[in-house]
Amino acid sequence: MGTAGDPTRRRDRTQRRIESQRKGGMQARPVVALDFDGVLCDSARETAVSAWRAGGAYWPEWRGPEPPPALLQRFLEVRPYLETGYQAVIMMRMAADGLPDSDFSERLDEHCNRWLEKLGTTREGLVDTFARARDRWIAEDEADWLGRHRFYPGVAERLTAALADHDVHILTTKQERFCNALLAAAGIPVGPDRVQGLDRGCTKAAMLAALSARHRGCPVHFVEDRAEALRAVLALPELAAVRLYYAVWGYGTPGDLAWASRESRVRVWTLDTFLQLGGGEPGNGGGGP
Ligand SMILES: [Mg+2]
């Protein structure tokens, strides 16, 4: 026994639902999660110098503010194997000891643990020593510190443009204050609330899982130059929908590129294709160099 009011109420309800979905849709912007070092910014030279200065606390023979040029050069060669900034101090030591590539690529954790024990410190202790070397540098000459970094050509512009219709986050193993200072100096309007760093004490995969959970139903894109970080995401079933991009201009090795090119869930991006998110499914359709 219906009344004349029923269809009207139904229409109103439908209209309200459409309105609410539309509003929801407007809020549900695609998420872009970006690594910092090796994707946005080349910090390898600064990392080497900060590592040298931090290492002076342990090895008094490391005198002066700059490492010898040959040592700096060797550090740049092994930079692909660095996962977290503080390891740079031990990698610089390994470089000074003349260790071959395989020690960096296969035994870095072992060397790190051995040195921490030998120096009578902990991971946190070394993180702190490394950060204090950077803080001192910034306090003494911030312009010089900033000047040792280089944002890759075009990334600041692409990223700034992407902010208009994407929810951009930066996931980094750097401490947030350093990342925020560099973004601000480059004029990239990504606020500190969008930067998650080493300070959070969790892995990038965990950060990405939290982001995905918070933005359920939205496409999530993750851009990274470290193959190992992409593999960690691939291993998690809850991140199966995250679209993955390998940044070839970063610190990866030819082996990393070969892996990324073979991996069906990873799209290989060059600087030319960086943040071209206009549809299409992940894959390697013409991304590689
Ligand atoms: Mg990186």
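The values are calculated or read from the model by the stated rules, or taken from the named source; none is laboratory data. Small disclaimer: the values here were computed from a predicted structure and weren't measured. Methodologically, a virtual Cβ is constructed for each residue, glycine included, from the backbone with ideal geometry; neighbour enumeration extends over all protein chains shown.
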Hits in the range 197-223 (condition: within 16 Å of the ligand (Cβ to nearest atom) and under 19 Å from SER43 (Cβ atoms)): GLY197, LEU198, LYS204, VAL223
Which condition number does ARG226 fail, the rest of (1) of a type in the set (Lys, Arg); (2) buried (at least 20 other Cβ atoms within 10 Å of the Cβ); (3) farther than 21 Å from THR47 by Cα being met? (3)
Only one of these conditions is not met by ALA28: (1) aliphatic (A, V, I, L, M); (2) in contact with a His (Cβ under 8 Å, 6 or more places away or on another chain); (3) at pLDDT 95 or above. Which number is it? (3)
If TYR58 satisfies every condition in (1) in contact (Cβ under 8 Å) with a residue 24 or more places away in the chain; (2) within 25 Å of PRO254 (Cα to Cα) but one, which is the exception? (2)
If a residue counts only when it is hydrophobic (A, V, I, L, M, F, W, C) and modelled with pLDDT of 95 or more, which helices (runs of 4 or more DSSP H) contained entirely in the range 46-114 have at least 3 such residues? 69-78, 87-96
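This table checks each residue for (1) surrounded by 20 or more Cβ atoms within 10 Å (Cβ to Cβ); (2) aliphatic (A, V, I, L, M); (3) under 18 Å from ILE138 (Cα atoms).
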{"site": "ALA51", "(1), (2), (3)": "yes, yes, yes"}
{"site": "TYR58", "(1), (2), (3)": "no, no, no"}
{"site": "GLY64", "(1), (2), (3)": "no, no, yes"}
{"site": "GLY85", "(1), (2), (3)": "yes, no, yes"}
{"site": "ASP97", "(1), (2), (3)": "no, no, no"}
Please indicate, with yes or no, whether at least one residue in the range 97-113 is away from the ligand (no atom under 16 Å from the Cβ) and of a type in the set (A, V, I, L, M, F, W, C). yes
Can you go through ASP199, ASP193 and tell me which one is acidic (Asp, Glu) and touching a residue at least 24 places away in the same chain (Cβ under 8 Å)? ASP199
Find the residue count for the range 111-131, including only residues that are surrounded by fewer than 13 Cβ atoms within 10 Å (Cβ to Cβ) and either outside the structural domain of SER50 (by TED's automatic domain parsing) or acidic (Asp, Glu) (or both). 2
Residue selected from the range 229-243 under the condition more than 12 Å from the ligand (Cβ to nearest atom) and in a helix (DSSP H, G or I), by the criterion surrounded by the fewest Cβ atoms within 10 Å (Cβ to Cβ): PRO237
